[in-house]
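Working notes, structure below.
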Amino acid sequence: MKYVEKTGKSVDEAVNAALAELNAKLEDVVIDVIEEANKGIFSIFGVREAKVRVTLKERESVRAIREFLQGLLSRMGLDPALDISYDDEDKKITVLVSGENMGALIGRRGDTLDAVQYLTSIIANKYEDEYIRVIIDTENYRQKREKALVAFAFKQAAKVVKYKKNIMLEPMNPHERKIIHSALQNHDYVTTYSLGQDPNRKVVIALKDRKDQRRRKPYGKRER
């Protein structure tokens, strides 16, 4: 669990400094007083500041995530470290998984990672009053995958422009389809839309019909 140690002229001053650094409220933390303040003799000799350790309490949703993932990943033969952070402003819980053989967690094109993330989201939201997103990542896979998809999208768009022929991509999950759509949404010569039903829904990269551009619906209206 995350904690900080702070000093101050009083315990209250040290605690307030710790709360500010943790961006937390008093009810969200556990306070351990390591040293009380000592004014010393004539406030000159033997002066000692107060020192406290302030630890963030673990939310029920975070605790449930930790227990669920430790059990699940153990059954997968993995023994990873979990770094779980809660972002109250964005209503998001991020889980960074590190350890050996993380390829087993990622799976083919992130399929296993996405499945674990989906299940973890269900677990976490049982303990939250309003919906909270859960993101699970390992070895910076999601950023690498997004970068690869954007490059792939532009490569396929270039083919569409060159050969004047639409291209239908292989099935993708909603998040990956969104990356393709976003990458090409301002492209001068192609547009995108999706066809089919999940899990076999596919992105189509199509050549824009310049005479009919104003009547075309933007990709965001087609994606369901």
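Read-outs throughout are calculated quantities, based only on the coordinates presented, and are distinct from any laboratory measurement. If you're wondering where the values come from, they're calculated on a predicted model, not measured in any experiment. Here the Cβ positions follow ideal geometry from the backbone for every residue, glycine too, while neighbour counts run over all protein chains shown.
Quick notes
- In order along the range 60-68, the phi-based Karplus estimate (6.51 cos²θ - 1.76 cosθ + 1.60, θ = phi - 60°) of 3J(HN,Hα) comes to 4, 5, 5, 4, 5, 4, 4, 5, 5 Hz; Gly and Pro are listed as x.
- Charges were assigned to the Cβ only: +1 to each Lys and Arg, -1 to each Asp and Glu. The resulting dipole of the range 109-152 about its Cα centre is roughly 260 debye.
- DSSP beta bridge pairing in the range 76-216, given as percent antiparallel to the nearest 5: 70
- Sequence-separation-based contact order of the chain, relative, with Cα cut under 8 Å and 6+ spacing, percent: 12
- The C-alpha atoms of the chain define a longest principal axis, and helix 111-125 lies at about 50 degrees to it.
- Potential extension, Gln70-Lys164 segment - 0.36 nm per residue separation minus Cα distance: 28.8 nm
- Take every pair of alpha-carbon atoms less than 8 Å apart whose residues are at least six positions apart; their mean separation over the length of the range 60-181 yields a relative contact order of 23 percent.
- When chymotrypsin sites (Phe, Trp or Tyr not before Pro) are flagged only if DSSP places them in a loop and at most 15 other Cβ atoms lie within 10 Å, the longest unflagged stretch of the chain comes out as 43-126.
- Farthest toward the positive end of the dipole of the chain, out of Asn140, Val150, Val30, is the Cα of Val150, where the dipole comes from beta carbon charges about the Cα centre.
- Rounded to the nearest 10 degrees, the inclination of helix 141-163 to the longest alpha-carbon principal axis of the chain is 20 degrees.
- Between 0 and 90 degrees, the angle of helix 11-22 with respect to the longest Cα principal axis of the chain falls at about 10 degrees.
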